[in-house]
Amino acid sequence: MACRSGCCCGSGPINEDNARFLLLALFIVIYLLCGAAVFSALEHPKEREAKERWAQRFEHFSQKYNLSKKDLNNFLRNYEEANVAGIRVDAIRPRWDFTGAFYFVGTVVSTIGFGMTTPATVGGKVFLMFYGLLGCAATILFFNLFLERVITVIAFVLKSCYERRRNKAVLPQNGRQVSDGGGAGGELAGWKPSVYCVMLILGAAAILVSCCASLMYSAAEGWGYLDSLYFCFVAFSTIGFGDMVSSQRVAYEGHATAAYRLGNFFFILTGVCCIYSLFNVISIVIKQVLNWLLRRLEGPCRCCFPRRGHHRHPRRNVVAPGHLRARRDPSIETDAINESETDTGRRLSGEMISMRDFLAANKVNLAIMQKQLSEMAVGNQRQSSSSSRQNGFSGGVGALGIMNNRLAETSVDR
(Lines give C-alpha, C1' and ligand atoms only; values in the text may rest on other atoms or scores of the structure.)
Protein backbone atom coordinates (compact mmCIF):
# COMPACT_ATOMS: atom_id res chain seq x y z
CA MET A 1 0.00 0.00 0.00
CA ALA A 2 1.52 3.26 -1.10
CA CYS A 3 1.97 6.06 1.36
CA ARG A 4 -0.29 9.07 0.74
CA SER A 5 0.26 11.28 3.76
CA GLY A 6 3.70 11.58 5.22
CA CYS A 7 6.26 8.86 5.41
CA CYS A 8 5.34 5.52 6.88
CA CYS A 9 8.80 5.27 8.43
CA GLY A 10 8.49 8.62 10.16
CA SER A 11 12.06 9.65 9.36
CA GLY A 12 12.01 10.56 5.69
CA PRO A 13 13.44 8.68 2.73
CA ILE A 14 16.08 6.04 3.44
CA ASN A 15 19.39 6.23 1.62
CA GLU A 16 19.84 3.33 -0.79
CA ASP A 17 23.07 2.18 0.83
CA ASN A 18 21.43 2.24 4.28
CA ALA A 19 18.39 0.41 2.97
CA ARG A 20 20.61 -2.27 1.47
CA PHE A 21 22.52 -2.55 4.74
CA LEU A 22 19.33 -2.92 6.79
CA LEU A 23 17.94 -5.45 4.35
CA LEU A 24 21.14 -7.49 4.53
CA ALA A 25 21.18 -7.29 8.34
CA LEU A 26 17.58 -8.53 8.42
CA PHE A 27 18.48 -11.37 6.07
CA ILE A 28 21.46 -12.39 8.24
CA VAL A 29 19.33 -12.38 11.41
CA ILE A 30 16.67 -14.55 9.76
CA TYR A 31 19.39 -16.80 8.34
CA LEU A 32 20.94 -17.22 11.80
CA LEU A 33 17.58 -18.03 13.37
CA CYS A 34 16.81 -20.63 10.71
CA GLY A 35 20.28 -22.15 11.04
CA ALA A 36 19.98 -22.31 14.82
CA ALA A 37 16.62 -24.06 14.54
CA VAL A 38 17.94 -26.65 12.07
CA PHE A 39 21.14 -27.43 14.02
CA SER A 40 19.26 -27.57 17.31
CA ALA A 41 16.82 -30.09 15.86
CA LEU A 42 19.63 -32.20 14.39
CA GLU A 43 22.29 -32.08 17.10
CA HIS A 44 20.50 -31.54 20.41
CA PRO A 45 19.17 -35.14 20.74
CA LYS A 46 22.68 -36.45 20.05
CA GLU A 47 24.06 -34.18 22.76
CA ARG A 48 21.57 -35.48 25.33
CA GLU A 49 22.44 -39.07 24.47
CA ALA A 50 26.16 -38.35 24.84
CA LYS A 51 25.64 -36.73 28.25
CA GLU A 52 23.57 -39.67 29.50
CA ARG A 53 26.14 -42.17 28.20
CA TRP A 54 29.00 -40.27 29.84
CA ALA A 55 27.18 -40.07 33.17
CA GLN A 56 26.68 -43.85 33.13
CA ARG A 57 30.32 -44.51 32.27
CA PHE A 58 31.51 -42.07 34.93
CA GLU A 59 29.38 -43.74 37.60
CA HIS A 60 30.44 -47.22 36.52
CA PHE A 61 34.15 -46.34 36.50
CA SER A 62 34.08 -44.67 39.93
CA GLN A 63 32.31 -47.68 41.48
CA LYS A 64 34.51 -50.24 39.74
CA TYR A 65 37.80 -48.76 40.95
CA ASN A 66 36.42 -47.35 44.20
CA LEU A 67 37.24 -43.73 43.36
CA SER A 68 35.47 -40.71 44.70
CA LYS A 69 33.79 -38.52 42.16
CA LYS A 70 35.75 -35.51 43.40
CA ASP A 71 39.13 -37.17 42.81
CA LEU A 72 38.04 -38.42 39.41
CA ASN A 73 36.84 -34.96 38.38
CA ASN A 74 40.15 -33.44 39.47
CA PHE A 75 42.02 -36.01 37.38
CA LEU A 76 39.87 -35.21 34.33
CA ARG A 77 40.53 -31.51 34.79
CA ASN A 78 44.25 -32.21 34.78
CA TYR A 79 43.84 -34.11 31.54
CA GLU A 80 41.94 -31.21 30.00
CA GLU A 81 44.85 -28.92 30.83
CA ALA A 82 47.27 -31.38 29.25
CA ASN A 83 44.98 -31.64 26.23
CA VAL A 84 45.22 -27.88 25.71
CA ALA A 85 49.01 -28.20 25.71
CA GLY A 86 48.81 -30.81 22.94
CA ILE A 87 48.92 -34.02 24.98
CA ARG A 88 46.75 -36.80 23.54
CA VAL A 89 46.15 -40.43 24.41
CA ASP A 90 47.33 -41.58 20.98
CA ALA A 91 50.82 -40.73 19.77
CA ILE A 92 50.84 -37.58 17.65
CA ARG A 93 53.51 -35.46 16.05
CA PRO A 94 55.24 -32.84 18.23
CA ARG A 95 53.28 -29.61 18.26
CA TRP A 96 56.08 -27.12 18.69
CA ASP A 97 58.99 -28.44 16.68
CA PHE A 98 59.74 -26.44 13.53
CA THR A 99 57.35 -28.33 11.25
CA GLY A 100 54.59 -28.26 13.85
CA ALA A 101 55.11 -24.55 14.46
CA PHE A 102 55.05 -23.93 10.70
CA TYR A 103 51.71 -25.72 10.49
CA PHE A 104 50.46 -23.58 13.38
CA VAL A 105 51.46 -20.23 11.85
CA GLY A 106 49.85 -21.34 8.57
CA THR A 107 46.53 -21.79 10.36
CA VAL A 108 47.01 -18.41 12.03
CA VAL A 109 47.68 -16.24 8.97
CA SER A 110 45.01 -18.05 6.93
CA THR A 111 42.51 -17.42 9.78
CA ILE A 112 41.64 -21.14 9.88
CA GLY A 113 42.61 -21.55 13.53
CA PHE A 114 41.92 -25.24 14.12
CA GLY A 115 42.56 -24.81 17.84
CA MET A 116 44.44 -28.06 18.40
CA THR A 117 47.61 -26.04 19.03
CA THR A 118 47.62 -22.82 21.04
CA PRO A 119 50.45 -20.88 22.71
CA ALA A 120 50.73 -21.56 26.43
CA THR A 121 53.43 -19.05 27.41
CA VAL A 122 52.91 -15.33 27.96
CA GLY A 123 55.56 -14.52 25.38
CA GLY A 124 53.88 -16.75 22.81
CA LYS A 125 50.48 -15.14 23.35
CA VAL A 126 51.89 -11.61 23.07
CA PHE A 127 53.90 -12.46 19.96
CA LEU A 128 50.82 -14.07 18.38
CA MET A 129 48.83 -10.83 18.59
CA PHE A 130 51.43 -8.85 16.64
CA TYR A 131 52.33 -11.72 14.33
CA GLY A 132 48.70 -12.40 13.39
CA LEU A 133 47.98 -8.71 12.78
CA LEU A 134 50.49 -8.44 9.94
CA GLY A 135 50.19 -12.03 8.74
CA CYS A 136 46.41 -12.04 8.39
CA ALA A 137 46.46 -8.71 6.53
CA ALA A 138 49.12 -9.95 4.12
CA THR A 139 47.27 -13.21 3.51
CA ILE A 140 43.99 -11.41 2.79
CA LEU A 141 45.86 -9.24 0.28
CA PHE A 142 47.27 -12.42 -1.28
CA PHE A 143 43.76 -13.86 -1.60
CA ASN A 144 42.56 -10.65 -3.27
CA LEU A 145 45.41 -10.72 -5.77
CA PHE A 146 44.75 -14.41 -6.38
CA LEU A 147 41.10 -13.62 -7.09
CA GLU A 148 42.05 -10.90 -9.57
CA ARG A 149 44.31 -13.25 -11.49
CA VAL A 150 41.83 -16.12 -11.46
CA ILE A 151 39.07 -13.93 -12.88
CA THR A 152 41.54 -12.50 -15.43
CA VAL A 153 42.25 -16.03 -16.66
CA ILE A 154 38.55 -16.90 -16.65
CA ALA A 155 37.77 -13.72 -18.58
CA PHE A 156 40.44 -14.53 -21.15
CA VAL A 157 39.17 -18.09 -21.65
CA LEU A 158 35.51 -17.07 -21.84
CA LYS A 159 36.32 -14.23 -24.21
CA SER A 160 38.23 -16.61 -26.49
CA CYS A 161 35.34 -19.07 -26.47
CA TYR A 162 32.85 -16.28 -27.13
CA GLU A 163 34.92 -14.92 -30.00
CA ARG A 164 35.32 -18.36 -31.56
CA ARG A 165 31.60 -19.07 -31.25
CA ARG A 166 30.78 -15.65 -32.68
CA ASN A 167 33.04 -16.19 -35.67
CA LYS A 168 31.43 -19.54 -36.39
CA ALA A 169 27.99 -17.96 -36.26
CA VAL A 170 28.83 -15.56 -39.13
CA LEU A 171 27.44 -17.03 -42.34
CA PRO A 172 29.81 -17.02 -45.34
CA GLN A 173 28.66 -15.41 -48.58
CA ASN A 174 30.56 -16.19 -51.80
CA GLY A 175 33.42 -17.65 -49.78
CA ARG A 176 33.75 -14.55 -47.59
CA GLN A 177 32.49 -13.88 -44.12
CA VAL A 178 29.92 -11.20 -43.59
CA SER A 179 31.44 -8.18 -41.86
CA ASP A 180 29.32 -6.07 -39.58
CA GLY A 181 31.41 -2.99 -40.22
CA GLY A 182 33.06 -2.47 -36.83
CA GLY A 183 35.31 -5.51 -36.76
CA ALA A 184 35.26 -8.21 -34.15
CA GLY A 185 38.42 -7.01 -32.45
CA GLY A 186 37.08 -3.57 -31.62
CA GLU A 187 33.69 -4.84 -30.50
CA LEU A 188 35.17 -7.48 -28.22
CA ALA A 189 37.67 -5.12 -26.60
CA GLY A 190 35.32 -4.28 -23.73
CA TRP A 191 33.58 -7.64 -23.48
CA LYS A 192 33.18 -8.92 -19.94
CA PRO A 193 32.09 -12.35 -18.71
CA SER A 194 28.90 -12.88 -16.77
CA VAL A 195 29.21 -12.97 -13.00
CA TYR A 196 27.13 -16.14 -13.02
CA CYS A 197 29.57 -17.88 -15.37
CA VAL A 198 32.45 -16.90 -13.10
CA MET A 199 30.55 -18.15 -10.05
CA LEU A 200 29.81 -21.45 -11.80
CA ILE A 201 33.45 -21.94 -12.80
CA LEU A 202 34.78 -21.08 -9.33
CA GLY A 203 32.20 -23.38 -7.74
CA ALA A 204 33.22 -26.24 -10.04
CA ALA A 205 36.90 -25.62 -9.22
CA ALA A 206 36.19 -25.60 -5.46
CA ILE A 207 34.20 -28.85 -5.75
CA LEU A 208 36.96 -30.49 -7.80
CA VAL A 209 39.67 -29.51 -5.31
CA SER A 210 37.52 -30.68 -2.38
CA CYS A 211 36.76 -34.04 -3.98
CA CYS A 212 40.41 -34.70 -4.83
CA ALA A 213 41.53 -33.65 -1.35
CA SER A 214 38.86 -35.85 0.25
CA LEU A 215 40.23 -38.88 -1.59
CA MET A 216 43.67 -38.17 -0.14
CA TYR A 217 42.35 -37.60 3.39
CA SER A 218 40.19 -40.73 3.30
CA ALA A 219 43.17 -42.87 2.33
CA ALA A 220 45.70 -41.26 4.67
CA GLU A 221 43.65 -40.41 7.77
CA GLY A 222 41.15 -43.26 7.63
CA TRP A 223 38.18 -40.89 7.59
CA GLY A 224 34.99 -41.56 5.72
CA TYR A 225 34.60 -39.74 2.43
CA LEU A 226 31.73 -37.60 3.74
CA ASP A 227 33.77 -36.71 6.82
CA SER A 228 36.66 -35.78 4.54
CA LEU A 229 34.39 -33.49 2.51
CA TYR A 230 33.19 -31.93 5.75
CA PHE A 231 36.80 -31.31 6.82
CA CYS A 232 37.62 -29.78 3.43
CA PHE A 233 34.80 -27.26 3.66
CA VAL A 234 35.57 -26.37 7.27
CA ALA A 235 39.25 -25.92 6.49
CA PHE A 236 38.95 -24.26 3.07
CA SER A 237 36.34 -21.77 4.29
CA THR A 238 38.66 -20.93 7.24
CA ILE A 239 36.00 -21.92 9.77
CA GLY A 240 38.39 -24.34 11.43
CA PHE A 241 36.41 -26.06 14.18
CA GLY A 242 39.34 -28.29 15.12
CA ASP A 243 37.30 -31.47 15.62
CA MET A 244 39.12 -33.00 12.63
CA VAL A 245 42.68 -31.95 11.81
CA SER A 246 44.85 -33.40 9.09
CA SER A 247 48.53 -34.38 9.19
CA GLN A 248 48.76 -34.91 12.97
CA ARG A 249 50.22 -38.39 13.17
CA VAL A 250 53.90 -38.98 13.73
CA ALA A 251 54.15 -41.15 10.62
CA TYR A 252 51.79 -42.54 7.99
CA GLU A 253 51.71 -45.94 6.38
CA GLY A 254 53.60 -46.54 3.18
CA HIS A 255 56.53 -44.27 4.13
CA ALA A 256 54.83 -41.37 2.35
CA THR A 257 54.64 -38.97 5.27
CA ALA A 258 56.54 -36.15 3.55
CA ALA A 259 54.51 -36.50 0.33
CA TYR A 260 51.24 -36.48 2.26
CA ARG A 261 52.14 -33.38 4.24
CA LEU A 262 53.19 -31.61 1.05
CA GLY A 263 49.89 -32.59 -0.57
CA ASN A 264 48.01 -31.43 2.53
CA PHE A 265 49.68 -28.02 2.30
CA PHE A 266 48.93 -27.75 -1.42
CA PHE A 267 45.26 -28.69 -1.10
CA ILE A 268 44.63 -26.40 1.86
CA LEU A 269 46.26 -23.44 0.07
CA THR A 270 44.43 -24.09 -3.20
CA GLY A 271 41.13 -24.80 -1.48
CA VAL A 272 41.24 -21.65 0.66
CA CYS A 273 41.98 -19.52 -2.42
CA CYS A 274 39.13 -21.09 -4.41
CA ILE A 275 36.57 -20.83 -1.60
CA TYR A 276 37.61 -17.26 -0.81
CA SER A 277 37.18 -16.30 -4.47
CA LEU A 278 33.83 -18.07 -4.59
CA PHE A 279 32.62 -16.26 -1.46
CA ASN A 280 33.51 -12.90 -3.03
CA VAL A 281 31.56 -13.64 -6.20
CA ILE A 282 28.57 -15.01 -4.24
CA SER A 283 28.53 -11.82 -2.18
CA ILE A 284 28.14 -9.84 -5.42
CA VAL A 285 25.17 -11.99 -6.40
CA ILE A 286 23.63 -11.44 -2.95
CA LYS A 287 24.07 -7.72 -3.43
CA GLN A 288 22.29 -7.94 -6.77
CA VAL A 289 19.37 -9.70 -5.12
CA LEU A 290 19.21 -6.95 -2.49
CA ASN A 291 19.17 -4.31 -5.23
CA TRP A 292 16.36 -6.15 -6.98
CA LEU A 293 14.38 -6.30 -3.72
CA LEU A 294 14.91 -2.58 -3.22
CA ARG A 295 13.50 -1.91 -6.68
CA ARG A 296 10.47 -4.03 -5.86
CA LEU A 297 9.96 -2.05 -2.65
CA GLU A 298 10.11 1.29 -4.46
CA GLY A 299 6.57 0.86 -5.77
CA PRO A 300 4.69 0.20 -2.50
CA CYS A 301 6.54 2.90 -0.53
CA ARG A 302 8.13 5.60 -2.67
CA CYS A 303 8.61 7.98 0.25
CA CYS A 304 10.84 5.51 2.08
CA PHE A 305 12.72 4.38 -1.00
CA PRO A 306 13.28 7.38 -3.28
CA ARG A 307 12.70 6.67 -6.92
CA ARG A 308 15.68 7.14 -9.18
CA GLY A 309 15.55 9.87 -11.74
CA HIS A 310 15.02 9.05 -15.38
CA HIS A 311 18.43 10.43 -16.27
CA ARG A 312 20.13 7.60 -14.44
CA HIS A 313 21.21 4.52 -16.28
CA PRO A 314 19.99 1.17 -15.02
CA ARG A 315 22.57 -0.69 -13.03
CA ARG A 316 24.53 -3.47 -14.60
CA ASN A 317 24.16 -7.07 -13.59
CA VAL A 318 20.73 -6.49 -12.13
CA VAL A 319 18.83 -9.58 -11.10
CA ALA A 320 15.51 -9.06 -12.84
CA PRO A 321 12.68 -11.38 -13.85
CA GLY A 322 13.46 -13.51 -16.87
CA HIS A 323 10.89 -11.91 -19.17
CA LEU A 324 12.46 -8.49 -18.58
CA ARG A 325 15.99 -9.66 -19.21
CA ALA A 326 14.99 -11.54 -22.35
CA ARG A 327 13.88 -8.34 -24.07
CA ARG A 328 17.37 -6.90 -24.05
CA ASP A 329 20.26 -8.33 -26.00
CA PRO A 330 23.66 -8.44 -24.31
CA SER A 331 25.98 -5.72 -25.49
CA ILE A 332 29.64 -6.43 -26.21
CA GLU A 333 30.61 -2.87 -26.94
CA THR A 334 33.23 -0.91 -25.04
CA ASP A 335 32.62 1.00 -21.84
CA ALA A 336 33.08 4.35 -23.58
CA ILE A 337 30.18 3.62 -25.90
CA ASN A 338 27.99 2.24 -23.12
CA GLU A 339 28.41 5.35 -21.02
CA SER A 340 26.72 7.44 -23.71
CA GLU A 341 23.86 5.06 -24.44
CA THR A 342 20.24 5.53 -23.40
CA ASP A 343 18.32 3.40 -20.93
CA THR A 344 17.10 0.96 -23.57
CA GLY A 345 20.60 0.37 -24.82
CA ARG A 346 22.18 0.05 -21.43
CA ARG A 347 23.91 -3.26 -20.77
CA LEU A 348 21.99 -5.56 -18.41
CA SER A 349 23.63 -8.84 -19.33
CA GLY A 350 25.50 -9.47 -16.10
CA GLU A 351 28.95 -8.43 -17.27
CA MET A 352 31.94 -8.18 -15.02
CA ILE A 353 35.18 -6.28 -15.04
CA SER A 354 37.15 -6.34 -18.28
CA MET A 355 40.58 -7.88 -18.53
CA ARG A 356 42.42 -4.60 -18.89
CA ASP A 357 40.76 -3.29 -15.72
CA PHE A 358 41.98 -6.30 -13.78
CA LEU A 359 45.49 -5.94 -15.18
CA ALA A 360 45.54 -2.33 -13.97
CA ALA A 361 44.04 -3.18 -10.57
CA ASN A 362 47.30 -3.91 -8.80
CA LYS A 363 48.71 -0.50 -9.72
CA VAL A 364 45.80 1.50 -8.35
CA ASN A 365 44.58 -0.45 -5.32
CA LEU A 366 47.08 1.06 -2.87
CA ALA A 367 46.53 4.59 -4.18
CA ILE A 368 42.76 4.20 -3.88
CA MET A 369 43.03 2.88 -0.32
CA GLN A 370 45.29 5.76 0.70
CA LYS A 371 42.94 8.25 -0.92
CA GLN A 372 39.88 6.78 0.81
CA LEU A 373 41.58 6.67 4.19
CA SER A 374 42.66 10.30 3.75
CA GLU A 375 39.11 11.35 2.87
CA MET A 376 37.73 9.50 5.88
CA ALA A 377 40.29 11.14 8.15
CA VAL A 378 39.39 14.68 7.10
CA GLY A 379 35.66 13.88 6.97
CA ASN A 380 35.21 14.61 3.30
CA GLN A 381 32.39 13.08 1.35
CA ARG A 382 32.97 10.69 -1.51
CA GLN A 383 33.72 12.39 -4.80
CA SER A 384 31.14 12.85 -7.48
CA SER A 385 30.51 10.41 -10.28
CA SER A 386 32.75 12.32 -12.68
CA SER A 387 35.83 11.95 -10.51
CA SER A 388 34.94 8.35 -9.76
CA ARG A 389 34.80 7.63 -13.44
CA GLN A 390 38.22 9.16 -13.92
CA ASN A 391 40.00 6.70 -11.65
CA GLY A 392 37.67 3.94 -12.78
CA PHE A 393 37.13 2.43 -9.35
CA SER A 394 34.82 3.26 -6.47
CA GLY A 395 32.97 1.43 -3.76
CA GLY A 396 35.81 -0.54 -2.20
CA VAL A 397 39.41 -1.62 -2.37
CA GLY A 398 40.68 -4.93 -3.63
CA ALA A 399 39.20 -7.45 -6.01
CA LEU A 400 35.70 -7.30 -4.54
CA GLY A 401 35.68 -3.50 -4.57
CA ILE A 402 36.79 -3.41 -8.19
CA MET A 403 34.10 -5.85 -9.27
CA ASN A 404 31.46 -4.02 -7.28
CA ASN A 405 32.38 -0.78 -8.98
CA ARG A 406 32.26 -2.27 -12.45
CA LEU A 407 28.93 -3.86 -11.65
CA ALA A 408 27.67 -0.41 -10.63
CA GLU A 409 26.37 -1.67 -7.32
CA THR A 410 27.02 1.51 -5.39
CA SER A 411 24.60 4.38 -5.04
CA VAL A 412 26.84 6.90 -6.82
CA ASP A 413 25.10 8.58 -9.73
CA ARG A 414 26.23 7.53 -13.18
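Note on residue 42 and residue 241: the model spin-label points, each 7 Å out from Cα along the C-beta direction, lie 0.9 nm apart. With all protein chains in place and ligands, DNA and RNA left out, the 1.4 Å accessible area ranks 244, 129 as 129, 244, largest first. The slack between residue 101 and residue 29, meaning 0.36 nm per residue of separation minus the straight C-alpha distance, is 22.1 nm.
The heavy atoms of residue 140 present about 80 square angstrom of accessible area, all protein chains included, probe 1.4 Å. Note on residue 31: accessible area approximately 150 square angstrom, rounded to 10, probe 1.4 Å, nucleic acids and ligands left out.
With 0.36 nm allotted per residue and the present C-alpha distance subtracted, the residue 197-residue 60 stretch has 43.4 nm of extension available. Rounded to the nearest 20 debye, the dipole magnitude of segment 16-89 is 480 debye, with +1 charges on Lys and Arg beta carbons, -1 on Asp and Glu beta carbons, and the Cα centre as origin. Using the structure shown, select from 70/125; 46/69; 159/287; 192/287 the pairs with a Cα to Cα distance greater than 30 angstrom. Beyond 30 Å: 70/125. Residue 34 contributes an accessible area of around 80 Å² to the protein surface, as traced by a 1.4 Å probe with all chains present. The 1.4 Å probe gives accessible areas that order 70, 287, 192, 125, largest first, as 70, 125, 287, 192.
Taking every alpha-carbon pair within segment 16-89, the share separated by more than 13 Å comes to 78 percent.
The values are calculated or read from the model by the stated rules, or taken from the named source; none is laboratory data. As the structure is a prediction and not an experimental result, all values here were calculated from the model. With ideal geometry, Cβ positions are generated from the backbone for all residues, glycine too; neighbour counts draw on all protein chains shown. For the accessible areas, the whole protein counts, side chains as well, though only heavy atoms, and no ligand, DNA or RNA atoms are used. Shrake-Rupley method; radii C 1.70, N 1.55, O 1.52, S 1.80 Å.
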